[in-house]
1. Short version: ³J(HN,Hα) in whole Hz for each residue of the stretch 53-60, in order, from phi by Karplus 6.51 cos²θ - 1.76 cosθ + 1.60 (θ = phi - 60°), x for Gly and Pro, what are they?
2. Enumerate the calculated ³J(HN,Hα) couplings along the stretch 8-14 in order (Karplus 6.51 cos²θ - 1.76 cosθ + 1.60, θ = phi - 60°), each rounded to whole Hz, writing x wherever the residue is Gly or Pro.
3. Check which residues have an amide H placed less than 5 Å from PHE28's amide H, if you skip close sequence neighbours.
4. Under a crude label model (7 Å from the Cα following the beta-carbon direction), how far is LYS74 from THR34 in nanometres?
5. Whole-Hz Karplus ³J(HN,Hα) for the stretch 23-37, in order, using 6.51 cos²θ - 1.76 cosθ + 1.60 and θ = phi - 60°, x for Gly and Pro?
6. Express the carbon and sulfur contribution to the solvent-accessible surface of the chain as a percent, rounded to the nearest whole number, probe 1.4 angstrom.
7. For labels at CYS26 and PHE46 in the simple 7 Å Cα→Cβ model, what's the distance in nm?
8. So what is the calculated 222 nm ellipticity per residue for the chain, using -39500 (n - 2.57) for each DSSP H run with n of 4 or more, over all residues, to the nearest 500 deg cm²/dmol?
Amino acid sequence: MKVTTPFVLLVRFYQTAISPFTPASCRFEPTCSTYMIQALQTHGLFYGGYLGIKRILSCHPWGRTGYDPVPEKKCSHKH
């Protein structure tokens, strides 16, 4: 089991058990919860978690809006 699995499951719980009962308010595509899962799966617990929390904190009426995908993982080739 990956170290990110419990956090992904927590977000999935939110998506199925809590989110359907709250008004749709995310200003971004993909939604903040989907972004968090993708960030954790792509970048791991620390950087992915940082990206997800940063995204959630920017999702407010005075923030930006629109398409905002998770950045791709940078290659770390050593020469």
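1. Going residue by residue, I get 5, 4, 5, 4, 5, 8, 8, 8 Hz, with x marking Gly and Pro.
2. Karplus values, whole Hz, x for Gly and Pro: 5, 5, 4, 5, 4, 4, 4.
3. GLY66
4. Distance between the two pseudo-spin positions: 2.7 nm.
5. x, 5, 9, 5, 8, 10, 10, x, 4, 4, 5, 5, 4, 4, 4
6. Summing carbon and sulfur atoms, their accessible area is 64 percent of the total for the chain.
7. That separation, rounded to one decimal, is 2.6 nm.
8. So the calculated ellipticity at 222 nm is -15000 deg cm²/dmol.
The values are calculated or read from the model by the stated rules, or taken from the named source; none is laboratory data. In this text the structure is predicted, and so the values were computed from the model without any measurement. Every residue, glycine among them, receives a Cβ derived from its backbone with ideal geometry; neighbour counts consider all protein chains shown. Only protein heavy atoms, including side chains, enter the accessible area calculation; ligands, DNA and RNA are left aside. Shrake-Rupley method; radii C 1.70, N 1.55, O 1.52, S 1.80 Å.
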